[in-house]
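First comes the structure, then the notes that go with it.
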Amino acid sequence: MSDAPILRLALPSPLRRLFDYLAPAGVPRTALQPGVRLRVPFGRREIIGVLVELAENSEVPKDKLKPALALLDPHPPLPPSLFKLCLWTAQYYQHSLGDTLSWALPVLLRQGEPAEARQERFWHIAPGASPDDPRLARAPRQRQALSTLAQHPHGVAHQLLSQLQLNKDSLDILLDKGLVRVEVRRHAPSERHGPLLAQPELPLNPEQRAAFDAVHASFGRFNALLLAGVTGSGKTEVYLQLIRQALEAGKQALVLIPEINLGPQTLERFSRRFNARIALLHSAVNDRERLDAWLAARDGEADIIIGTRSALFTPMKRPGLIIIDEEHDASYKQQEGLRYHARDLALVRARQENIPILLGSATPSLESLQNAHAGRYGLLRLTQRAGGARQPRFLRLDVKSLPLDSGISMPLQQAITQTLAAGQQVLVFLNRRGFAPTLLCHDCGWISQCPRCDARMTLHQRHNELRCHHCGHSQRQPANCPDCGRVDLRPVGAGTERAEERLAILFPKTPVLRIDRDSTARKDAMDKLFATIQRGEPCILVGTQMLAKGHHFPRVTLVAILDADGGLFSADFRASERMAQLIVQVAGRAGRAEEPGRVIIQTHLADHPLLVQLTEQGYFAFAEQALSERRAAGLPPFAHLALLRAEAHKPGQAEEFLDHACAEAELQLAELGISGVELLGPVPAPMERRAGRYRAQLLLQANARAPLHRLLTPWTQALEQLPGGRAVRWSLDVDPIDL
Ligand code: ADP
Ligand code: ZN
Ligand code: ZN
């Protein structure tokens, strides 16, 4: 008799190891396929783990091993290709496999819900039964019920009974008499019907055609293509026509979009074009809907899967094409827990599934452009706006010696006046919420410092509050200075609330609409704002980067960028890239219809070479310049980074932990004979104290990926054992985008 096998499970724990259990009683070995879920005891709780492999031996003595409590799946819920992707992800990002699976699986599956599409009961008339049956002669309600069922040859779903005035009691009696039968089948396994196209396609222009052909020619094999097309150049039309080809070939398409693009505008374009089953996976769908969409995709019952970052992990039965819209967008990188980049993983996935992947953007990331230069991606360009609209003109407005009234200079005020007088709309962009970033006492110099962070609290005048945008701390707006008690408290600088208030005073006859996280917190607020904008009357839109994405404002002909300077002298080497992307994206909202647009950029650094390049020669010239600076400085994409962050309640603790980590890394580099990895730090984080914790970081920089990753695996194992590790919270960020 052979011993019961040992199960090696991935559990939702941060520890980078598997956990051994015995097979649950009475479960045959053949039922224990890798990937199935099991319920197991863990400390005093019960949790759900995923079987990774069977083993004959364990480091734990056999009498100490606990049996798993229950096997939850008859088959692995994840197809092998997705399971492989999760393994790859855990390995690459140095994250525990169990926790990686938790991020990848829908919440309900993590909680033990069956991984099958919902079952539903259907009522049928039994074969040979008839409403004229003599047993029903004196039972008019049963007779009526049976004749209703007789009219539904495919049966009646249980949930529709009351709608058809079918009485459950009557049906139960009919069931006893053998006149009806109940069938349990999958929830609405809808078939697609009607023609695939619900709307005609636009004839592609030559650039679009070339892009379409290049991707289409790659169907059936891995190929990565970068579609660099100015805003309004018809990228989405290219996506739609490629998706049609994929669906016609019997395949599914996965479309990832940034978090903020989930306006109905984007989704409507897909649903208006196709008679197809679309599965949506984004933050606004509830857990049940998410599981249903996930299962539909996995079982091949959804044709198009559209979602944000985590939708990357949606299994597909017949994968055909992956599209990443706005591939430069930072929301593709998860900033907590499993710090994965959905775009980068999508490439891995496309390669595994052997299908093409298309990355689209008006402002491609420097990483993707460099991949195109190096020949790893095909580069497809759309240089013209598709609808015939012209590119906006840029003007750098030097505000060095100009007075700013709530952030608005006189020449800008005049430009707004002209635009409104011409019956057009204005967009004012300011990437700062609230009324003012600081409140200052004019008498003693007190400032609104957050008690928990090395940051200032923002004044939200409308709510009479000071709020910290970093830790969420808030307090009432003081009437007197907390230090000296006097009343001369002044807001310093301007946020969207202040700009809105000032513009409303300067242009009393014009509606001023603010669009930021505060003004659109209510679900319908955004729709209302857009309805007003679409009506086309003169108005001023004031907003944050929410304005920069996805939306079309055809009547906007003036875009004002109140402050471009932050991106030009930040400590983060990516700040200028982000600023350029934001400016171009915001500018792209302007003049999309007949009227040409103009973009006024207020800056104190009007001669800054990157800003000059961007505004005079466009994003690609800027990107080339920025890439050559990155190359010279040995920064990504010409170097590979990993960042170890640590935070602790007491000052010095995080650094101490990182000192140990640094020594450990040096040791391992020497032992393993790895060269080309540099350790920079530890140093305090850019904002050292945040939410009451002191933070520090250690940067690893390498000229190639391989040596870095050779170090990371043994190193992170060792970090789990380091002294002082209990007092700190630490995390490793591979390919960090925020330093
Ligand atoms: P992007 O995704 O690059 O911002 P869109 O696909 O949204 O661009 O296209 C911008 C506008 O141009 C849309 O109104 C779209 O209907 C229109 N358009 C796109 N392609 C064509 C085409 N080939 N012919 C005419 N209009 C087009
Ligand atoms: Zn004071
Ligand atoms: Zn704070």
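Prolate is the label for the range 33-99, because the ratio a/c of its alpha-carbon gyration tensor axes (a ≥ b ≥ c) is 1.5 or higher and a/b is greater than b/c. Here's how it looks for Ile323: its modeled amide H is under 5 Å from those of Leu254, Val255, Leu256, Leu358, which are all 5 or more places away or on a different chain. Ordering Leu430, Asn286, Leu149 by Cα displacement along the dipole of the chain toward the positive end leaves Leu149 in first place; charges were set at the Cβ atoms of Lys, Arg (+1) and Asp, Glu (-1). Taking the alpha-carbon centroid of each part, what is the distance from the range 198-245 to the range 466-505 in angstrom? About 48 Å separates the Cα centre of the range 198-245 from the one of the range 466-505. Taking only the C-alpha atoms of the range 90-202, Rg followed by Dmax gives 22.5, 73 Å. In angstrom, the C-alpha Rg and Dmax of the chain are 30.0, 99.
Under the convention that each Lys and Arg Cβ holds +1 and each Asp and Glu Cβ holds -1, the size of the dipole of the range 11-143 around its Cα centre is about 440 debye. What the Cα convex hull of the range 613-690 gives, in volume per residue, is 111 Å³. Between the range 662-739 and the range 378-432, how many Å separate their Cα centres? Centre-to-centre distance over Cα atoms comes out at 43 Å. The HN-Hα couplings worked out from phi for the range 602-616 by the Karplus form 6.51 cos²θ - 1.76 cosθ + 1.60 (θ = phi - 60°) are 7, 7, 8, 10, 4, 9, 4, x, 5, 6, 4, 4, 4, 7, 9 Hz, whole numbers, x standing for Gly and Pro.
Using Cβ point charges alone (K and R +1, D and E -1), the dipole size of the range 205-356 about the Cα centre works out to roughly 300 debye.
Proximity of backbone amide H atoms, modeled 1.01 Å from N, is registered between Arg598 and Arg393, Leu558, Val559 at under 5 Å, excluding neighbours fewer than 5 places apart on the same chain. Rounded to the nearest Hz, the phi-derived 3J(HN,Hα) couplings of the range 369-376 under the Karplus curve 6.51 cos²θ - 1.76 cosθ + 1.60 (θ = phi - 60°) are 4, 5, 4, 5, 4, 7, x, 6, where x marks glycine and proline. In the chain, the DSSP beta bridges split such that about 55 percent are antiparallel, to the nearest 5. Rolling a 1.4 Å probe over the protein heavy atoms leaves Thr314 with an accessible area of roughly 0 Å². Here is the short version for the chain: Cys86, Cys471, Cys539, Cys662 have no other Cys C-beta closer than 4.7 Å. Of Asp516, Asp172, the residue with the largest accessible area leads and the full order is Asp172, Asp516 (1.4 Å probe).
If only the Cβ of Lys and Arg carry +1 and only the Cβ of Asp and Glu carry -1, the dipole of the chain around its Cα centre is close to 1480 debye. Val584 sits with roughly 30 Å² accessible to a 1.4 Å probe, with DNA, RNA and ligands left out of the calculation. Over the range 367-414, all Cα pairs binned in 5 Å intervals from 0 give whole-percent P(r) values of 5, 14, 13, 9, 9, 12, 12, 13, 9, 4, listed from short to long.
Annotation: amide H-H contacts under 5 Å for Gly378 (H modelled 1.01 Å from N, sequence separation of 5 or more, or interchain): Ala224, Leu225, Leu226. Remark: C-alpha extents of the range 251-400 on the principal axes read 57, 34, 34 Å, sorted largest to smallest.
Hey, could you get me the Stokes-Einstein D for the range 319-469, Kirkwood radius over alpha-carbon pairs, 25 °C and 0.890 mPa s, rounded to whole µm² s⁻¹? Translational D for this selection: 118 µm²/s.
Rounded to the nearest whole Hz, the Karplus-based 3J(HN,Hα) values (6.51 cos²θ - 1.76 cosθ + 1.60, θ = phi - 60°) of the range 536-549 follow the sequence x, 6, x, 6, 10, 9, 10, x, 8, 4, 4, 6, 7, 10, with x at glycine and proline. Residue pairs exceeding 24 angstrom between C-alpha atoms, taken from Lys251/Lys333; Lys333/Lys549; Lys64/Lys84; Lys84/Lys251: Lys251/Lys333; Lys64/Lys84.
The values are calculated or read from the model by the stated rules, or taken from the named source; none is laboratory data. Since we're looking at a predicted model, the values are computed, not measured. Cβ atoms come from the backbone with ideal geometry, glycine included; neighbour counts cover every protein chain shown. Quick note on the areas: whole protein, heavy atoms, side chains included, nothing else; ligands and nucleic acids left out. Shrake-Rupley method; radii C 1.70, N 1.55, O 1.52, S 1.80 Å.
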